[in-house]
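The values are calculated or read from the model by the stated rules, or taken from the named source; none is laboratory data. The model shown is predicted, which means the values in this text are computed figures rather than measured ones. Don't worry about glycine lacking a Cβ; one is built from the backbone with ideal geometry, like all the others, and counts go over all protein chains shown.
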Amino acid sequence: MTMEKRSTREALGDGLTELGRLNENIIVIDADVASSTYVKAFADEFPDRYYNVGIAEQNMVEVASGMALAGKKPYAVAFSSFLIGRAYDQIRCCVAMPNLDVKLVATHAGITVGEDGSTHQMLEDLALMRVLPNMNIFVPADYWSARNMIVSSYKNDKPLYIRLGRPEVPLFYSPWDEFHIGGGRIIREGSDVSIVACGIMLFEALRAADILARQGIEAEIIDCYSVKPLPEELIQSSVRRTGCCVVAEEHNGMGGLCGAVAESLGINYPVPLRFVAVKDRFGESGTPAELQEYYSLKYREIVGAVAQVWTTRRR
Amino acid sequence: MQRELELKLRRIAVEVRKDVLRMISMADSGHLGSAFSCVDIIVYLYFHLMRVNPQLPGWQERDRFVLSKGHACPSLYAVLARRGYFERQELWNYRKLGSLLQGHPLYTNALGIDAPSGSLGMGIGISCGMAMALKTDFPESRVFCLVGDGELQEGSCWEALMTASHWKLDNLYVIVDRNGLQMEGETETIKALEPLKEKFEAFGLFCLETCGHDFPSICETFAKAAQEKGFPKAIIAHTKWGRGITLAENGEMPVKASLSRNQVTLLLDELSKESAALSEEER
């Protein structure tokens with residue numbers, strides 16, 4: 001991990017432009033947010049394959065569906081709140097049900113959107129997308145994972161939601177790391193507790209692991225970038241060794257990664273489990289750093305949660 | 001339009017209506033009146049205007065049909081079967097467990113179903129996406145989108161119309177089945193659509209009106225619309241809800257009717273009389 005920082009949304013522009021050069025069927029459809037989603041780079045290089053449908057997310061998803069039906073590989077880009085929230089019925093009926101090759105890429109997900117406040121801080125998107133049959137979900141943690149997920153996504157022809165954030169985060173992965181639908185990565189090995197995290201919470205988990213190590217608790221950290229399908233075997237094999245689990249995500253604690261892990265472990269291998277996530281609330285204005293503190297999404301909460309599950313761990 | 005062709009299309013339309021009636025009565029559910037009002041338009045498209053090949057449903061250069069008012073799908077299914085996309089036997093499984101012919105259409109290329117629908121207001125947007133993609137790859141290919149009139153109350157339709165005119169999608173035809181009715185009554189009482197033509201024109205479409213049951217005027221309208229380059233087209237087809245069944249046309253049948261065996265026989269008789277009258281005309 002270097003000290004250099006870049007946002008995952010920055011990877012969108014770079015990733016799509018790289019994709020555009022690889023495959024001429026790649027189309028980008030945008031709901032008038034090209035500058036803040038960094039899609040402008042693609043628009044400049046491939047003006048014939050870029051459509052700004054205006055402030056009309058529902059129409060954007062319909063158009064993407066029609067494009068896919070006519071043999072194109074469309075990427076629909078908008079802010080998470082409005083892509084996933086506003087156009088939910090379109091995503092359900094025009095993309096997931098017919099199982100079309102449409103990629104939904106949303107930036108500005110989570111509380112760290114900051115000052116814009118609750119309407120723009122999407123904390124329910126993973127839950128909404130998870131319950132759609134055929135849908136796949138990626139939540140990259142850093143610039144390189146985001147970029148590599150975007151670039152490799154064109155190889156599959158499945159509906160896929162990629163969730164990106166607004167703030168700058170440390171560079172963790174390298175340009176050569178690969179990510180797969182249904183995959184996850186153990187980024188730190190340990191035998192005492194499994195921490196399953198995605199997005200920005202991965203960095204909090206790493207920091208928590210350092211503190212825990214000083215107390216003699218070795219945490220295993222799984223970057224669960226594929227929220228759906230969930231890498232169940234990976235998570236289970238880790239938990240079978242550690243006997244307890246903490247899940248951390250920048251999302252409502254219901255229905256997202258926390259829900260997915262709880263469902264899977266509850267059925268297959270129940271262990272003491274705690275969540276570090278937003279507790280069924282909407283967001284509000286503030287700086288991203290303030291909000292992360294205020295909504296209890298810091299390494300401190302992870303350390304606390306680990307202490308709770310570790311003392312009652314399954315042996 | 002030649003007399004011979006008109007009679008051929010009318011004959012097909014009567015047979016399609018009979019099939020639709022059988023399908024809905026066998027499923028004991030479905031939207032009869034709304035399916036009947038657009039039979040003639042779909043017959044005209046598939047048996048005359050559209051460039052399609054039932055043996056090659058995936059032919060990329062084909063014209064596309066998007067049934068935005070998905071609840072009228074029995075008419076589409078019956079037309080597709082008659083056009084040779086699949087066995088007519090399959091129609092009797094409509095709305096049954098395990099059937100390919102769902103209560104609202106699933107996208108099924110092999111059966112000739114070009115787009116999914118069922119949730120209202122999405123067909124024009126899907127058609128825009130198709131028309132944009134086809135415009136660059138296959139400029140000859142056209143997209144025909146049939147929408148219900150009540151459906152136009154969905155805001156997404158108007159988002160899509162703005163998209164259509166902004167990109168000058170002149171390969172797109174939006175056809176409105178203007179039967180004047182929606183679930184709870186008349187469109188003009190519930191939430192008025194008029195002046196509809198002016199609305200389409202204000203949104204940048206080239207708009208024409210026609211009777212949706214008269215093949216020569218449907219034909220003439222499409223021919224006239226085709227000459228207008230640089231604009232997406234809207235065709236308001238004035239239709240009768242339940243066209244072909246006097247009871248329905250007169251508004252004496254509920255929107256979602258459960259039909260007794262006797263009723264079905266009577267209605268089939270009425271349609272058979274129409275086909276007998278056609279035979280007379282042919283002589």
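Against the condition within 14 Å of another protein chain (Cβ to nearest Cβ), within 18 Å of the chain's Cα centre (by Cα) and part of a helix (DSSP H, G or I), how does B:Glu151 come out, does it pass?
When the stated conditions are applied, B:Glu151 passes them.
On the basis of being aliphatic (A, V, I, L, M), loosely packed, with under 15 Cβ neighbours inside 10 Å, part of a helix (DSSP H, G or I) and more than 14 Å from chain A (Cβ to nearest Cβ), does B:Ala192 make the cut? Here the answer is no, as B:Ala192 does not meet what is asked. Filtered by the rule that a residue be of a type in the set (S, T, N, Q) and surrounded by 15 or more Cβ atoms within 10 Å (Cβ to Cβ), segment B:213-233 gives B:Ser217, B:Thr221.
Scanning segment B:115-141 for residues that are crowded, with 24+ Cβ neighbours inside 10 Å and more than 7 Å from chain A (Cβ to nearest Cβ) gives B:Ser117, B:Gly121, B:Gly123, B:Ile124, B:Ala131. Just so you know, in segment A:62-76 the residues that are out of contact with any Lys or Arg (no Cβ under 9 Å at 6 or more places or on another chain) and buried (at least 24 other Cβ atoms within 10 Å of the Cβ) include one that is farthest from the other protein chains (Cβ to nearest Cβ), and it is A:Ala68. Can you say whether A:Asp32 is within 14 Å of chain B (Cβ to nearest Cβ), closer than 24 Å to A:Gly283 by Cα and either in contact with a Phe, Trp or Tyr (Cβ under 7 Å, 6 or more places away or on another chain) or in a loop (DSSP other than H, G, I, E, B) (or both), as far as the supplied structure shows? Yes, satisfied. Scanning segment A:103-124 for residues that are assigned to a loop (DSSP other than H, G, I, E, B), surrounded by fewer than 24 Cβ atoms within 10 Å (Cβ to Cβ) and either in the same structural domain as A:Ala260 (by TED's automatic domain parsing) or not charged (D, E, K, R) (or both) yields A:Gly114, A:Gly117. In segment A:29-48, of all residues being crowded, with 19+ Cβ neighbours inside 10 Å and closer than 17 Å to B:His166 by Cβ, the one that is modelled with the lowest pLDDT corresponds to A:Ala34.
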